[in-house]
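Colleague: Okay, here's the structure, questions in a sec.
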Amino acid sequence: MRKIPTVISVSGLALLISLSASAQSPLTGKPGAWTHLLFEENHTGYRENPLVRVVRASRQGTFDRVVFQFERAFPNYRIEYLRSHFYASEDGKHRIRIVGRLFLKIDLSQIAFEEKQIAFSKAKGFYPTGRFGFPTLMAMEDMGVDEGHDEFLLGLSSRKPFRVTELANPFRLVIDIRH
């Protein structure tokens, strides 16, 4: 009689371990496919570090779109939902001040911190500011370039799937977020 509870508890423990192991596996999206987890891409082989020239946002039929235009090359990037309303940086955690219930972080790495990038960043219309009238995308903030990383936060109305597409001539990273 004591063997049945032991078998059940061992089976339950094995199930619990397998579920936690699958939750730790690296799940990343694929180019052009909708995902709600994480998307990252590493571009190696470019000789020059890219510059972020301009960022645009627009409303499309069934999704909102953010387009990053680069000069010279594509950066490495990582796109993921943040787990809270706090943003971690080198100088600690900060409460996110833009509108949104959830936040999507776009981390662009290998960004050259040089005079030309500073000029792009300070130019009028470098990225859209204020509240957007879009169904999902509510606001955007550039967290600035620090040690080769330029991070942007997107304030969203809810957690929605997104897809990532790369376009060339000029180099553009397109992020579509479903309504």
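Colleague: For the range 155-179, enumerate the residues that are hydrophobic (A, V, I, L, M, F, W, C) and within 19 Å of G32 (Cβ to Cβ).
Modeller: Pass one, the range 155-179, residues hydrophobic (A, V, I, L, M, F, W, C): 156, 162, 164, 167-168, 171, 173-175, 177.
The answer is F162, V164, L167, A168, F171, L173, V174, I175, I177.
Colleague: Restricting to the range 80-122, count the residues that are closer than 20 Å to G155 by Cα, charged (D, E, K, R) and outside any strand (DSSP E or B).
Modeller: Summing the residues that are closer than 20 Å to G155 by Cα, charged (D, E, K, R) and outside any strand (DSSP E or B) in the range 80-122 gives 3.
Colleague: May I pose another question? What's the total number of residues in the range 130-171 that are in a loop (DSSP other than H, G, I, E, B), surrounded by fewer than 15 Cβ atoms within 10 Å (Cβ to Cβ) and not hydroxyl-bearing (S, T, Y)?
Modeller: The qualifying residues number 10.
Colleague: State yes or no: is E80 touching a strand residue (DSSP E or B) at 6+ places or on another chain (Cβ under 7 Å), at pLDDT 95 or above, among the acidic types (D, E) and under 22 Å from Q60 (Cα atoms)?
Modeller: no
Colleague: Same structure again: If the requirement is being surrounded by 15 or more Cβ atoms within 10 Å (Cβ to Cβ), among the polar types (S, T, N, Q) and within 16 Å of the chain's Cα centre (by Cα), which of these qualifies: N49, N42, N76?
Modeller: N76
Colleague: Another question, then. From (1) of a type in the set (D, E, K, R); (2) closer than 24 Å to F162 by Cα; (3) exposed (fewer than 14 other Cβ atoms within 10 Å of the Cβ); (4) at pLDDT 85 or above, pick out the condition that doesn't hold for D107.
Modeller: Here D107 meets the rest and fails (3).
Colleague: Give the range 42-57 a look and list any residue that's charged (D, E, K, R) and closer than 7 Å to F70 by Cα, or say none.
Modeller: Selection gives R53 alone.
Colleague: Follow-up. Given the conditions (1) surrounded by 16 or more Cβ atoms within 10 Å (Cβ to Cβ); (2) closer than 17 Å to P128 by Cβ, and given that R59 satisfies all but one, which numbered condition is not satisfied?
Modeller: Answer for R59: the failing condition is (1).
Colleague: Looking for whichever is in contact with a strand residue (DSSP E or B) (Cβ under 8 Å, 6 or more places away or on another chain) and under 27 Å from G45 (Cα atoms) here; the options are V99, V67. Which one fits?
Modeller: Within the list V99, V67, the selection yields V67.
Colleague: Suppose we filter the range 35-70 for residues that are more than 27 Å from I118 (Cα to Cα) and in a loop (DSSP other than H, G, I, E, B); how many remain?
Modeller: 5
The values are calculated or read from the model by the stated rules, or taken from the named source; none is laboratory data. Everything quoted here is computed from the prediction, not taken from an experiment. Ideal geometry is used to build each Cβ from the backbone, glycine not excepted, and the neighbour counts take in all protein chains shown.
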